[in-house]
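A.B. asks: Below is a structure I'd like to ask you about.
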Amino acid sequence: MIQWRQGTVRELLPAWDGVLLMTVEVEDLGVVRALAYPDLVGTPEPGDRVLLNVTAQERGLGTGGYAVVVAVPDRPAAWPRRDHDHPGHLVKARYTPLQTMVLGVDDPEGEHHRVLAGADDLGGMPVVAADLHSSLPAVLAGVRQESADARVAYVMTDGGALPSAFSRTCAELRAAGWLQCVVTAGQAYGGDLEAVTVHSALLAAHLVAGADVVVVAQGPGNLGTGTRWGFSGVSAGETLNAAAVLGGSPVASLRVSQADPRPRHRGLSHHSATAYARVLAHPADVPLPLGQTGLPATDECLAAVRSAVAELVLVAPHLRPVDVPVDGLLDALADSPVRLSTMGRDLEEDAASFVAAAAAGRAAARMLGAGPGAPGSTPASP
């Protein structure tokens, strides 16, 4: 059930590319923060009446505390304009009130259709799958620590937010030169390239964007129910299946935590255990941080993760643990151009989470030039 409200825009706030932020006065809620996507609903201005969706805000869900502008009903001049001759017939967020039409990277009307029409080979390109969007800058830090010139593309799946513009992280990583391309797959939209599936997104990242490494993760706002199968991060295993089928080099970035209050996510998260041991059906590297970070709680957590993965391999022999030295990873993470935060915890509070993701990025970068299927580091020691 959607919770609707109407209100009046009072002030525009500093925002980022693809997003407008504002304060809106709502009769029964007072002044709330709201966001609007100009490409979808137009450009509200102070004084405009706006229709808001406040469903997630009223439930206190993790949407950044924003109401979402659905329409600017009284001022047609604010509405987005579209050239009827504009190519593209991919409809995303299909059959919802805010469905939008985009040009798919492999659309027959597009310039890349010929390249992608028969494409089915990633040529050994490393593909890093991660459960959480918050892993993205950490994986990139690991890639850059090993290979500063590597071109990295991000494939955003539709397990979390659908508009890529919602991710301030992506906007800031692009601005810093850490990320060269965003490809939105499935129902997600708004990337530099639009894809129908993860498979076509990976091929587009390789053949159109010219990526050396691809990181795949859902957008912000993952969903979990505390059950074995009811979480959106299951897609991490499906991503690596796609990478393997297309001749890529799958890299499983582990979700770990030294500080999560929920036992199921402490140490090795059950999300990673399910996605990589049960959903993933092809061989994949599992980077394991090796060495001492100098942070006792972090090192204790990572040691427990190594033990957990060793047990997991006994029932999932397609997983290939590889040792990845931690030297320099904390410094690389500290240099991130975006704030590192996972479930509200920063680098100081949950360093193990980010070190594990950075290790996956370093492992992927070490594959470059080594040929298809080459391990990102040495096989893990017993």
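The values are calculated or read from the model by the stated rules, or taken from the named source; none is laboratory data. Model, not experiment: these values are computed from the prediction. Note that we place each Cβ from the backbone using ideal geometry, even for glycine, and neighbour counts take in every protein chain shown.
A.B. asks: Hey, does region 76-87 have a residue that's among the acidic types (D, E) and in a loop (DSSP other than H, G, I, E, B)?
C.D. replies: Within region 76-87, one or more residues are among the acidic types (D, E) and in a loop (DSSP other than H, G, I, E, B).
A.B. asks: Having 2 or more residues that are more than 18 Å from A252 (Cα to Cα) and not aromatic (F, W, Y) is the bar; report the strands (runs of 3 or more DSSP E) wholly within region 123-212 that clear it.
C.D. replies: Strands (runs of 3 or more DSSP E) meeting the threshold: 181-184.
A.B. asks: If A176 meets every condition in (1) under 17 Å from S341 (Cβ atoms); (2) within 16 Å of the chain's Cα centre (by Cα); (3) among the hydrophobic types (A, V, I, L, M, F, W, C) apart from one, which number is that one?
C.D. replies: For A176, the exception is condition (2).
A.B. asks: Which residue out of T342, T274 is assigned by TED's automatic domain parsing to the domain that holds L140 and closer than 17 Å to G237 by Cβ?
C.D. replies: Every option except T274 fails the conditions.
A.B. asks: Just name the residue that is nearest to the chain's Cα centre (by Cα) out of those in region 257-288 that are part of a loop (DSSP other than H, G, I, E, B) and of a type in the set (A, V, I, L, M, F, W, C).
C.D. replies: Across region 257-288, the extreme among qualifying residues is L280.
A.B. asks: Name the one entry in A195, A217, A201, A211 that is in contact with a Lys or Arg (Cβ under 6 Å, 6 or more places away or on another chain), modelled with pLDDT of 95 or more and surrounded by 24 or more Cβ atoms within 10 Å (Cβ to Cβ).
C.D. replies: Result of the check over A195, A217, A201, A211: A211.
A.B. asks: For residues that are touching a strand residue (DSSP E or B) at 6+ places or on another chain (Cβ under 6 Å) and surrounded by fewer than 22 Cβ atoms within 10 Å (Cβ to Cβ), tally how many sit in region 232-243.
C.D. replies: Count: 1.
A.B. asks: Quickly run through region 1-22 and pick out the residues that are closer than 25 Å to Q99 by Cα and part of a strand (DSSP E or B).
C.D. replies: Selection gives W4, R5, Q6, G7, T8, V9, L20, L21, M22.
A.B. asks: OK, next. Give me the pairs, please: first residue somewhere in region 1-12 and at pLDDT 95 or above, second residue anywhere and acidic (D, E), beta-carbon distance under 6 Å, and either six or more positions apart or on two chains.
C.D. replies: Pairs that qualify, where the first residue is at pLDDT 95 or above and the partner is acidic (D, E), are G7/E25; T8/E25; V9/D48; R10/E25.
Residues checked against (1) among the aliphatic types (A, V, I, L, M); (2) within 27 Å of A365 (Cα to Cα):
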| site | (1), (2) |
| --- | --- |
| V72 | yes, no |
| E111 | no, no |
| V128 | yes, yes |
| L140 | yes, yes |
| S147 | no, yes |
| P163 | no, no |
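A.B. asks: Any residue in region 155-183 that's under 21 Å from L240 (Cα atoms) and assigned by TED's automatic domain parsing to the domain that holds T239: show its pairings with residues that are assigned to a helix (DSSP H, G or I) and polar (S, T, N, Q) at Cβ separation under 7 Å, as long as the two are six or more apart or on different chains.
C.D. replies: M156/S164; T157/S235; G159/S232; G159/S235; G160/S232; V182/S164
A.B. asks: Name the residues in region 23-73 that are surrounded by fewer than 17 Cβ atoms within 10 Å (Cβ to Cβ) and at pLDDT below 90, would you?
C.D. replies: E27, D28, L29, T55, E58, R59, G60, L61, G62, G64, G65
A.B. asks: Here is a follow-up. For region 169-190, name all the residues that are crowded, with 20+ Cβ neighbours inside 10 Å and among the aliphatic types (A, V, I, L, M).
C.D. replies: Listed by number, the residues that qualify are A171, L173, L179, V182, V183, A185, A188.
A.B. asks: Right, something else. In this structure, is A243 farther than 17 Å from V143 by Cα and outside the structural domain of P38 (by TED's automatic domain parsing)?
C.D. replies: Answer is yes for this residue.
A.B. asks: Here's another thing I want to ask about it. Which of the residues belonging to region 310-355 are touching a residue at least 12 places away in the same chain (Cβ under 8 Å), over 22 Å from the mean Cα position of the chain (by Cα) and part of a loop (DSSP other than H, G, I, E, B)?
C.D. replies: A316, H318, V326, D327, G328
A.B. asks: Look through region 356-370, keep the residues that are hydrophobic (A, V, I, L, M, F, W, C) and assigned to a loop (DSSP other than H, G, I, E, B), and return whichever of them is farthest from A175 (Cα to Cα).
C.D. replies: Checking each candidate, the answer is A370.
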